[in-house]
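The values are calculated or read from the model by the stated rules, or taken from the named source; none is laboratory data. Since the structure is predicted, the reported quantities are computational estimates derived from the model, not experimental observations. In this analysis, Cβ positions are derived from the backbone assuming ideal geometry, glycine residues included, and neighbour counts consider all displayed protein chains. Side chains included, ligands, DNA and RNA excluded: accessible areas come from the protein's heavy atoms. Shrake-Rupley method; radii C 1.70, N 1.55, O 1.52, S 1.80 Å.
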Amino acid sequence: MPDTFNRKDLLGIEDLSVEEIVKILGSAASFREVAERDIKKVPTLRGKTIINLFYEPSTRTRTSFEIAAKRMSADAINIAVASSSIKKGETLKDTALNLEAMSPDCIVVRHGSSGTPQMLARYLKCSVINAGDGLHEHPSQALLDMLTVSNRLGGIEKLDGLRILIVGDVAHSRVARSNILGFSKMGAHVTVCGPPTMIPVGIEHLGCDVNHDMTAAVKDADVVMMLRLQLERQAAGLFPSPREYAKLYGLDSLKLKRAKKDVIILHPGPINRGLEISPEVADGPWSLILEQVANGLAVRMALFYLLLGGVKDGISNANKSLNPDGVRLLNLR
Amino acid sequence: MPDTFNRKDLLGIEDLSVEEIVKILGSAASFREVAERDIKKVPTLRGKTIINLFYEPSTRTRTSFEIAAKRMSADAINIAVASSSIKKGETLKDTALNLEAMSPDCIVVRHGSSGTPQMLARYLKCSVINAGDGLHEHPSQALLDMLTVSNRLGGIEKLDGLRILIVGDVAHSRVARSNILGFSKMGAHVTVCGPPTMIPVGIEHLGCDVNHDMTAAVKDADVVMMLRLQLERQAAGLFPSPREYAKLYGLDSLKLKRAKKDVIILHPGPINRGLEISPEVADGPWSLILEQVANGLAVRMALFYLLLGGVKDGISNANKSLNPDGVRLLNLR
Amino acid sequence: MPDTFNRKDLLGIEDLSVEEIVKILGSAASFREVAERDIKKVPTLRGKTIINLFYEPSTRTRTSFEIAAKRMSADAINIAVASSSIKKGETLKDTALNLEAMSPDCIVVRHGSSGTPQMLARYLKCSVINAGDGLHEHPSQALLDMLTVSNRLGGIEKLDGLRILIVGDVAHSRVARSNILGFSKMGAHVTVCGPPTMIPVGIEHLGCDVNHDMTAAVKDADVVMMLRLQLERQAAGLFPSPREYAKLYGLDSLKLKRAKKDVIILHPGPINRGLEISPEVADGPWSLILEQVANGLAVRMALFYLLLGGVKDGISNANKSLNPDGVRLLNLR
């Protein structure tokens, strides 16, 4: 595996190589340790400016990126573009070029339209990280999910051959899309499950299977990833009633009984208790939901590190010191 | 007095001992000096993460906690949970555990429901500070009020035997509640005053007197604390008209004439000029309203210091160095 | 030119002397270089607290001030006073004094009412920077515009005798007002242009000419500054239709053909493509719109430096070291 990470941007799982995924997860594993220190801060990105440009409201993902940036000693600037600037009618390109003129080092962007981060990245010399674009991708989520599973199983190579079941509104989930792509790349076998209204026709082209019978599908799975039912958004009208949805596609202890006894339960959060996941499952020993959150922070620190860490002349200095202990050397004292 | 401060959380005045209050106020007095420096920053909490989790809008209190955190060199993250995340239907416990997974050192929480900080504290390994919960408590406000009075009178022991008059909508005031508890603990005698609609039946059980005649009550008071009339919230319907309220329960120069000539006037802000307090009183020499704001910053720095300062294995290192000069030694150079 | 900058506040271009403008622009030119460093941070304002107090929504200007503050190592606190605190009925004076009690070093204020920063400055011991007040002034914008022109032309003395054309809704533009005052002070000759509904009667008293025929006016101009048409605000009703406005007062390649071949195009942003400026002009080589943004950051860093840099006893230390290389000496290592 070549010791390089020469990307400017992190736009999606689709264009990442296996080697790059391995590198990101390896770096993230090192950053997990920073969160356990008494002084949770490394000086790596001192003097760097990271802009969180969120066109959709998000507490959770924005907070994760913001804490990650600050723990790397970067300056983090939050821009919530609810309606104000959009209302002003500026084009996305102009917004991008105006931000670029303030010489940021990275723009983390979430936008309701698929392809926005890609478009920004084309116009910007600085790094762009996709924090969720429409129904397209949410790559840092997939990376943290892969990290969570590989940490639990004791190594990233364990993803190879694993059986992943993704359940819910796959059609409207950028989380599902990025995970199908990511786990497949790592050699896992992905099955998606949900009512027919929530499974896009032709999803198999992404490299996954479809199974509408959750009770059957859960049996073979090593990992069950429950998607959040976006009651406030797309889900309305896609199923008869929440109770029926919970019965057929919610993960409860009844369905869990049919699963392997060491099955891993994931959920990108926030969870709807009693809807797509029952409380006893969410809080049970199979659930790695909180591990996912902690790993999210580590993955975002790793992304900042790999994309921005000592970049000069377009070539990342990060490469030089990127060994398993590289990050640990960046201590404060 | 034992040299210890072994709390994880600051949830209310009710569960603080006199010794703990003395310790907080003593520490806060030291931090007052930081605000007068040219470089208003101490490195004490470098690498710590403090999250301001505000479920109610607040400019003033949030700003005070944020500045306090930054002057201690901590990373401060603001989360304003107006409607977004609540709308998403996540339980408070899940929100807590998700935040905990990002390994913050302290969560400062304001919430419209009484008991929220207590509930969070139970689930969280990190420190929780109550920045106001429903109609229950607002402990940092009471601490800054006690600090303001004791600073003016020349010592915390001067609170003993003092007569405190709290005027206004006591029934809907967490500020009143925390102050009744706090000043009483320190040996002061508290009287509450307001129209019957604003004084809860049985308030005497908290250890205070009730007097509905403000003109009479103001005579004996060493301290008059005027509460803000929450016109935009609870106050509507509790009194006939603002003019009548101002006449009966507003503090104006007429009523002030009956007070002791060195009476201390407090108000938690923001003030309604001409309603609960007249301009000449608010701006007069008896008023310590702006001192309260400055002391608020110092109290919040002290709370961060005592709760987070070098905590290891659940035992605070802060204890070791907590002497009157302890804080001053934490200079930048 | 005396080597002094003894102002507490930056409230408007109107009360700045030519020497002060020269000093600010000279300092800003030095700060441009910080944005091109690998570590974009100087320790100059470490331990200083800068509050961005925005009563009007603003992504762009607030972000510029926030990044400027953080690159100077100051603590930046954002307060967006949409409706919350105003609703609470606190007077501006009380807001000012309450903020002052938290001992900030500078308050950057934007407000919909003209004169607000001036009023705040009178009550506050700390510095106040006007980030836009009503229809009155937006001095940092005019300073960055002057810096942009003088940088392009190779020296601030080149502003003398220059012909500036300002086109658009001059009547509702604080940007126009500050620029008329600023460029005139530096010896330039300013002409304003727009439909009669958008040019205030008597504007000539500010020292500028009026020309309602843009096609004619553009011929002599060395600089054409297009104002943003505030469609969402004042502009409604002031002209028959966007199409007609664009035809008569929009800067397109047709009108540009009549201009000097080295004309400079400015726009404060955000631009309405195809309305007041056509895409080929906005993106063409004459346009310095993105230079304006970059210079905005530098001007704001310079303002913080000159107003706050090492102030002691009301006398600025900044004076001592203010030579062309002064800023460069403030390196991190």
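May I ask you to verify whether A:Ile164 is in the same structural domain as A:Ile271 (by TED's automatic domain parsing) and either open to solvent by less than 10 Å² (accessible area, probe 1.4 Å) or assigned to a loop (DSSP other than H, G, I, E, B) (or both)? Yes.
Check whether at least one residue in segment C:45-64 is among the charged types (D, E, K, R), more than 24 Å from C:Glu90 (Cβ to Cβ) and within 18 Å of the chain's Cα centre (by Cα), and report yes or no. The answer is yes, given that some residue of segment C:45-64 is among the charged types (D, E, K, R), more than 24 Å from C:Glu90 (Cβ to Cβ) and within 18 Å of the chain's Cα centre (by Cα). For segment B:45-69, the tally of residues that are modelled with pLDDT of 95 or more and closer than 16 Å to B:Val299 by Cβ stands at 12. C:Val192 meets the stated requirement of being crowded, with 17+ Cβ neighbours inside 10 Å, under 30 Å from C:Gly112 (Cα atoms) and either at pLDDT below 95 or not polar (S, T, N, Q) (or both). Residue count for segment B:112-125 under the criterion of being of a type outside the set (D, E, K, R), out of contact with any strand residue (DSSP E or B) (no Cβ under 6 Å at 6 or more places or on another chain) and either under 17 Å from B:Phe65 (Cα atoms) or surrounded by fewer than 17 Cβ atoms within 10 Å (Cβ to Cβ) (or both): the result is 4.
So that you can scan it fast, the table gives a plain yes or no per residue for (1) part of a helix (DSSP H, G or I); (2) touching a Leu at 6+ places or on another chain (Cβ under 8 Å):
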residue: B:Ile79; (1), (2): no, yes
residue: B:Glu90; (1), (2): no, no
residue: B:Leu97; (1), (2): yes, yes
residue: B:Leu147; (1), (2): yes, yes
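For segment A:61-70, a tally of residues being of a type in the set (D, E, K, R) and either touching a Leu at 6+ places or on another chain (Cβ under 7 Å) or within 7 Å of another protein chain (Cβ to nearest Cβ) (or both) returns 2.
Per the listing C:Val109, C:Val128, the residue uniquely within 14 Å of chain B (Cβ to nearest Cβ), part of a strand (DSSP E or B) and open to solvent by less than 10 Å² (accessible area, probe 1.4 Å) is C:Val109.
Matching residues to (1) of a type outside the set (A, V, I, L, M, F, W, C); (2) open to solvent by 10 Å² or more (accessible area, probe 1.4 Å):
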residue	(1), (2)
C:Ala171	no, yes
C:Arg174	yes, yes
C:Ile180	no, no
C:Gly202	yes, yes
C:His205	yes, yes
C:Asp209	yes, yes
C:Ala217	no, yes
C:Val223	no, no
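Restricting C:Lys23, C:Lys40 to those that are of a type in the set (Lys, Arg) and at the interface with another protein chain (Cβ under 7 Å from one of its Cβ atoms) reduces the list to C:Lys40. Within the set A:Ile51, A:Ile67, A:Ile77, A:Ile39, the sole residue that is within 30 Å of B:Lys48 (Cβ to Cβ) and open to solvent by 30 Å² or more (accessible area, probe 1.4 Å) turns out to be A:Ile39.
Taking the criterion of being of a type in the set (Val, Ile, Thr) and out of contact with any Gly (no Cβ under 8 Å at 6 or more places or on another chain), the residues of segment B:189-203 that qualify are B:Thr191, B:Val192, B:Thr197, B:Ile199, B:Val201, B:Ile203. Pairs meeting the criteria (first residue in segment C:44-57 and more than 8 Å from chain B (Cβ to nearest Cβ), second residue surrounded by fewer than 22 Cβ atoms within 10 Å (Cβ to Cβ) and polar (S, T, N, Q), beta carbons under 6 Å, at least 6 apart or on different chains) are C:Leu45/C:Ser73; C:Asn52/C:Asn78; C:Pro57/A:Ser84. Within segment B:276-298, the set of residues being of a type in the set (A, V, I, L, M) and within 24 Å of B:Met198 (Cα to Cα) comprises B:Ile277, B:Val281, B:Ala282, B:Ile289.
Note on segment B:167-193: residues that are closer than 23 Å to B:Thr215 by Cα, of a type in the set (Gly, Ala, Ser) and in a loop (DSSP other than H, G, I, E, B) total 3. Hey, could you check segment A:139-161 for residues that are touching a residue at least 60 places away in the same chain (Cβ under 8 Å) and among the small types (Gly, Ala, Ser) and say which is surrounded by the fewest Cβ atoms within 10 Å (Cβ to Cβ)? The extreme case among them is A:Ser150.
Flag set for A:Arg46, criterion: touching a Lys or Arg at 6+ places or on another chain (Cβ under 8 Å), open to solvent by 10 Å² or more (accessible area, probe 1.4 Å), in a loop (DSSP other than H, G, I, E, B) and under 30 Å from B:Arg46 (Cα atoms). Does segment C:99-106 include one or more residues that are in a helix (DSSP H, G or I) and either at pLDDT below 95 or within 12 Å of chain B (Cβ to nearest Cβ) (or both)? Among the residues of segment C:99-106, at least one is in a helix (DSSP H, G or I) and either at pLDDT below 95 or within 12 Å of chain B (Cβ to nearest Cβ) (or both), which makes the answer yes. For the residues A:Glu280, A:Glu291, A:Glu276, the requirement of being of a type in the set (Asp, Glu) and open to solvent by less than 10 Å² (accessible area, probe 1.4 Å) singles out A:Glu276.
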